[in-house]
Structures are given as structure tokens and as C-alpha cells.
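Novice: Before I ask anything, let me first share the structure, which is written out below as C-alpha cells.
We did not get these values from a lab; they are worked out from the coordinates using the rules stated. Because the structure is predicted, anything quoted here is derived from the model rather than measured. Note that we place each Cβ from the backbone using ideal geometry, even for glycine, and neighbour counts take in every protein chain shown.
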Amino acid sequence: MWQFFVRRNVMDRATWDGPLPPMTRLLPAFLLFVLSPVGHATEVPLGPGPHRDLQIQAEPDTVFQVTLGKGNPHFWTTVVPASYQVDQQTVFALEYFAPVGLDAVVLRYRVSDGSMAVAESRPLPLSETWQPLAFDLSGLDPRPAAGHPEMRFHLELRGGTGTRIGFRRMMLREAKAEEKRLATNRELVRTSREAEGAVILSDLRSPFAEHIETVQVGEREITLTGKATAPMKLIGIPPECRSDAASRKQAVAEAAPEASGHFVLKVPRIEPSGLRDRALWRWRLCDATGHWTSAARWPSHWDPGVARPLPRLSAPHQKGLGGIPSLSRPDHEIFDLGIRHATMNVVIQTLIRDTPATGWTPWLFEGRTFFLNEKLLQSHDRTLRLLTSREIIVSVILLVGNGRDAAGKPHSLLTHPEADARGVYSMPNLTGEDPARLYGAALHLLAERWSRIDGSCGRVSNWILHNEIDQGATWTNMGAQPLARYLETYLRSARLMYHTARLFDPGARVFISLTHHWTQKSSGSGTYVVRDLLDLFAEMARAEGDFEWGVAYHPYPKDLRNPDAWKDPGLSDDFNTPYITPKNIAVLPAYLAQPAFLYQGTPRAILLSEQGFNTPTLSPEDQLRQVAGLIYVFRQIRPLKTIEAFQMHRYQDMPLQEGGLRLGIVTENGDHKLGWEAYRAIGTDREDGFGKIVDDLMKQEKP
């Protein structure tokens, strides 16, 4: 499912596989002239260069036709001439002809360290005449590496296989007056978002005289306790509102403290006018003038009869599998591996919607009618039943689609309105009541269905929100955001999942999904430093009442193509390491065991929910290197008790979808690799036999 090569090799390293001759060998002489550096500063013409998963055909008048293939179609430009002036030519422009449009065109550029960063993304609406397309390059950070001997731009084309598009007049040029105006508007938006982020942090860190101590959810009532120095208004804050920006006009109740300052309040759990469940709301105190006098507080306790009497699950070992395929029979070969953990991907829009559609079943929730994809829900149920019947602990990766029409408009109300088209997935839309109620309905549907006492639909114990949020631009897109504003929305999403799940399963938990970066930020815009993100997330959670969250980490080797994780260069065993990989994985549980991260005195739980070891080829030597990586990582994690699971990515190779990577232990043709037998052996008395082979290999190949 995850396009790893595209994500971390094409995007970050701008490498490509196989013999790709420069396009200048394929183009006629007139186009070679066009691609040469020009003498004036206003325009720098460009042409197509190396490419992958598409075909390029040159035509007269600098036109080139592109036909998309399977995989991840993309091409680089020719090397940018030395006449390129970063501060002057701030627009990457072209014209296109597209009888069938594209979901998006994502433009990347080379930076000084040789990696590629994202500049901008644009939808490509269908057009039966030549139309302009322009990308704004002003204010990029990091800056394009003008003068670099391999300075190129990179265009990723997202559309259907076989789609044919014409391009012409591709160039770097000065911005026109209207483009400069739009760039100014974008800067105003950026400044506004930065200001909102500062307000969020200021409110989060403000000392308040009053305090809500507990919020206990009962079957019909919510009981709040706290301290106040004078009568205060109790404000209920629904999921679509930020804590600092919620309305203070209508109070739910008034807190009248006793002489000691203590107060106890009881409010109906169901909001009368909209039938909404206030078990998912925050609560806050304000004075008669409307000033906040306390921090917001989420539910902290539940009456014994609220949740179902489900035991918390545990497993005897860490071995698991990620990206579980749809299962329909109990004799599927993945059960031969002896796994006790699994992850399953769920895209919310594929299961629920707010408008009717053919084949979708009406479903009433909180006074509103939604529509369910019962066929797909039942397919997920079958898979979950088979997994739970084998005592396999399931973690669902909850994803929000970012699909768009030809004009760039999101297909679903659940997609965040500020998300860019370049994102594979989106942050959920919690900007208004309608999308928040749709999202809440989805979470209720899944949590209730997959925690039933009879196990009729299987069971989910852990909820992973969403995917690799430190690489937000690609995997949980909310547009360009300061970290505080991005995390505030993400935290509300995680809280909603947690508090919904706890209404049914008293041991349910949520997990934050992160890449193997640590203090080294991923290149390009829309990325965040993992350590900074974790620090702020923990601070924000504590400020409004801590909850049981954990970390779903993806400790791939530093280079996804190289399975020799024990050789990873440039790492350290302290908290300042740039990456956390199998080689220094102990850094993560040590960091999360610090006092600032403890939950009720206990270190945070960790799932290694997506990682694997590539076989560069299917040669016996390369397959042995994959085996070495698998044995090595289990030797590393076994002593680390807060690491509960290692969900290996993946079961079967998908080289076309994953840019040539072969992370599976079964080939795309279904043949077992050596890694299959090694993974079966891990945790059994046969593991030592593979371990000896690995020891010999590691002795021969010194780091």
C-alpha cells in the first residue's frame, strides 16, 4: 500500500532504477536548442529528462506527450541551466492539453544536500485546449540548489494508467502581477496560521485560578468535580471547536463552589437539541465576563457499567504482520508464521458517507442518517474474526482519504478543507459541526462493531491515528501548518478515537504514527521533527487531562533499499540521534520512559507498526541479507519490554506499487523467499539455525 521508494528515495534522494538514457538522446535537434541556457533572465526553458512508469514522446514545437503507466508515474526535467536565478524566476510554468485530467501534479526540486523537496501541488483539470499551469517557487525553504550540477525539477503525475497528456513551454520565469498578488495572499494565510498557533500555545500554557479535576462519564450523566473561588459558568466544547476558541455564550451549568472551594456538577450525557453524546466533549470554566478561568478537561473516568467487560489483551511475543490482506479462510498461509500481532488499514470514506449512494445502507446515529458500505464492513469483519480466533491482537490504522475531482474539490466532507492535493491522505475535517458529526459517527460505528462481547465482528484493541504524521504533506495532509496548529487538530482526532473506543472497550488505546526520523526532519515542506512533535503532543495532552496514548513507530533501516541495518551510519545511542532504526531502537523506549511521558507512572507503549527489510534482488545473497535484518531486529527488541509488537511490512512483495522495493517474504508470484522460513522460525527452536548464518554474514561484513 505504501509507496516507499517514491516516498523516501524519489522524494528525498531523487534516484531512479535501471538504465534511463537522458531524454536529450530521444529528442530532435530543435528541442535540444530550446533546452539550452538562454541569455535573458526572464525565462529559463526546460524539457523532460529521466522518467519512470510513463512514456514520453517528443513532437514538433517543443510539445511532448506523456502516457502514464502503472506504479508511480514521474519524470525529471533536464538539468536546470546556470542562468537560473532563484530570487527572480519564482514560477515553474508550463502549458498542458488533457482530455482526461489528473488528480494532481506534484512538483519537487533539488536542494543543496542533493535531496528533493516538495514545492507545491496542483490539480490538473481536463482541458481540450492548451491551458497554463504554474507553480509558485517564492519563499521556498529550503531553497532550490541553483548551480548544482544535477539541479532538476521533478513532476509526479497522479492519474489513471493509460492517461495521455500533452505538455509544452515548460520553463522557469518571473512572476506576473497577478501571481505576485496570490503569493502575497498565501503569505498572509501563513502569517495568520502562525498567529493561531501562537494563540493555541499561549492558552495551553496559561496558569488558571480554577480547575476541573475529574470528568466522569456515566450511562446517562456526566459528573464533574473541581475547585473554584467563585461561581463560574460551565462550558461544553464539542469536537469541532478548538479549546481556546470555543463559544462562551451558552453555559451548560453553573459551578457554585462550597466554602472549601470544591464543586460537583452533574449534566445530562446527551445534548438535548442535537442528540449528541457529550462523553466526547471537553469542559471548561469561564467567569461572568466570558474569560476562561480554567483549562479544558476531557473525560477522565467512566462508570463501571459504561464499557463492556472486555479483558485487555496481551501476547507472549512481539512477532506480527502489517498490511494484512483481506482474509476469507482459516487456512491462509500467514497463520503458519506464528504471528500474534497484526495491523489492518481502514480508509473511513470507504465505509461511511453522509449522502445516499447505490448499494449503501441507511444508518441512523444521533438523530442523523448516514450511509454504510455493508459489503466492505462485512469483509473487514471476516478478516478480523479470523485474526482474533487465532488470538492475534489487531491494530487498525485509521486513514482519511484525500480524493478530489478534476477541479481539485475533495470528494468527501471528511477531507480537511486546507489539505493540499499532494497528500495521499488527509487530516480529518474537524472545522464544523457537519464533518465532525460524520467523523464521530464513523468512529462510533467501528469502535462499537469491533468490540462486541460475542466477537461476531472480530476485535480491535489498538487504534493508530493516522499515518506518519511527521510527514504530514504526504500522509496526513492539512496544508502548510505550524506545528501547534497541526497538532491541535491531530490531538482532537486522537482524543475522539480514544474516548469513543473507551465507551466500549476499557482497555482501548490510540497510537501516534511516526517515521524513523528523529531529530533529522524529512526534507521538503509539510514535515516536522519527530522529537519536537512528541514533546509538544505530550505537553498538549497533559494540559487537558492525560490519556493512554502510545507510539506506532516505523524504524526502517536508514536506507530503505539496504537491509543491512546493523551498518546504518551516522546514528548515536543518545536522544540527539538523527534517526532511530533497528540499530539504535533502544533510544525510543528510553525517551518515552522519561517523567514527561509517563502515564499514571507507566512508560508509553510502543508498536513497531510498519518496517521491513528489502531484498535488492531475488538472489540467494540478497535474500540472506533480508534474513539477517529480521533476526537482527528481534535480537534488538526482545529486551525492550515496552515494545509490544513488531508488525513486519510486508507479507508479499509489491515492486510495482512500491518503487521496486521487495519488502515481503513472499514474491509477487507467491513464491516463498528465504525470509519466509526465517520469519516462521523466529521465536522457535529453529531460530538459532538462522542466527548462526546471520552471525557468519555479519562477521564477514564489518560496518
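Novice: Could you tell me what a quarter of the Cα convex hull surface of segment 197-251 works out to, in nm² with one decimal place?
Specialist: 4.9 nm²
Novice: So what's the Cα pair-distance distribution over segment 211-302, bin width 5 Å, in %?
Specialist: 3, 15, 28, 27, 19, 7, 1, 0
Novice: Separation of segment 666-703 and segment 145-222 by C-alpha centroid, Å?
Specialist: Here the two parts' Cα centres lie 44 Å apart.
Novice: Filter LYS180/LYS521; LYS521/LYS567; LYS319/LYS673 down to the pairs with a C-alpha to C-alpha distance above 24 Å, please.
Specialist: As for pairs spanning more than 24 Å Cα to Cα, those are LYS180/LYS521.
Novice: If you don't mind, another one. Using Cα pairs under 8 angstrom and six or more residues apart, how large is the relative contact order of the chain, in percent?
Specialist: Computed value for the chain: 11 percent relative contact order.
Novice: Find the centroid of the Cα atoms in segment 425-498 and in segment 70-92, then give the distance between the two in whole Å.
Specialist: 36 Å
Novice: Next up: For the chain, what is the calculated [θ] at 222 nm in deg cm²/dmol (nearest 500), taking -39500 (n - 2.57) for each run of four or more DSSP H residues and dividing by its residue count?
Specialist: Result for the chain: -7000 deg cm²/dmol, rounded to the nearest 500.
Novice: Another question, then. Taking H as built 1.01 Å from N, whose amide H comes closer than 5 Å to the amide H of ASN402, not counting residues under 5 places away?
Specialist: Amide H neighbours of ASN402: SER426.
Novice: Neighbour counts of other C-beta atoms within 10 Å: give me TYR632, TYR109 arranged from fewest to most.
Specialist: The order, fewest Cβ neighbours first, is TYR632, TYR109.
Novice: May I pose another question? Along segment 70-75, what does the Karplus equation 6.51 cos²θ - 1.76 cosθ + 1.60 (θ = phi - 60°) give for ³J(HN,Hα), rounded to whole Hz, x for Gly and Pro?
Specialist: These are the phi-based 3J(HN,Hα) values: 6, x, 10, x, 7, 8 Hz.
Novice: Output needed for segment 384-472: three equivalent-ellipsoid semi-axes, defined as square roots of 5 times the C-alpha gyration tensor eigenvalues, in descending order, whole Å.
Specialist: Whole-Å semi-axes of the equivalent ellipsoid: 29, 15, 11.
Novice: Looking at ALA259, LEU234, THR289, which one has the Cα that reaches farthest to the positive end of the dipole of segment 211-302 (charges on Cβ: Lys, Arg +1; Asp, Glu -1)?
Specialist: Toward the positive end, the furthest listed residue is THR289.
Novice: Taking every pair of alpha-carbon atoms in segment 262-307, what share in percent sits in each 5 Å bin, from 0 to the bin with the longest distance?
Specialist: 5, 15, 22, 25, 20, 9, 3, 1
Novice: While we're here: Report Rg(Cα)/(2.2 N^0.38 Å) for segment 148-217, keeping two decimals.
Specialist: Normalised Rg, Cα atoms only: 2.16.
Novice: Ok, one more. Near the amide H of MET648, under 5 Å away, which other amide H atoms are found, from residues 5 or more places off or on another chain, if H is placed in the peptide plane?
Specialist: For MET648, whose amide H was placed from the backbone, the distant partners under 5 Å are GLY320, LEU321, GLY322.
Novice: Kirkwood Rh, Cα Rg: Rg to Rh for segment 478-562?
Specialist: My calculation of the ratio gives 1.01.
Novice: Around GLY49, which amide H atoms from residues at least 5 apart in sequence, or from another chain, sit under 5 Å from its own amide H, with H modelled in the peptide plane?
Specialist: TRP76, THR77, THR78
Novice: Right, something else. Taking only the alpha-carbon atoms of segment 125-246, what semi-axes of the equivalent ellipsoid follow from 5 times the gyration tensor eigenvalues under a square root, in whole Å, largest first?
Specialist: 52, 22, 15
Novice: How big is segment 511-640 by Rg and Dmax over its Cα atoms, in Å?
Specialist: So, for segment 511-640, Rg and Dmax equal 15.8, 54 Å respectively.
Novice: Sort 84-95, 422-433 for me by packing, meaning the mean count of neighbouring Cβ atoms within 10 Å per residue, highest on top.
Specialist: Per-residue mean Cβ counts within 10 Å order the peptides as 422-433, 84-95.
Novice: Would you work out the charge dipole size for the chain about its Cα centre, treating the Cβ of every Lys and Arg as +1 and the Cβ of every Asp and Glu as -1, and quote it to the nearest 20 debye?
Specialist: 480 debye
Novice: Where Rh is the Kirkwood radius over the Cα pairs of segment 33-171, the temperature 20 °C and the viscosity 1.002 mPa s, what D in µm²/s does Stokes-Einstein return?
Specialist: D = 141 µm²/s.
Novice: OK, next. Which FRET efficiency value, to the nearest 0.05, is calculated for GLU677 and ASP381 with the Förster distance at 30 angstrom and r the Cβ-Cβ distance?
Specialist: 0.40
Novice: Fully extended, how many nm does the chain gain between LEU275 and LYS180 (0.36 nm per residue separation, minus their Cα-Cα distance)?
Specialist: My answer for the length gained is 29.4 nm.
Novice: P(r) for the chain: what percent of alpha-carbon pairs falls in each 20 Å bin, starting at zero?
Specialist: Here the calculated profile for the chain is 16, 48, 31, 5, 0.
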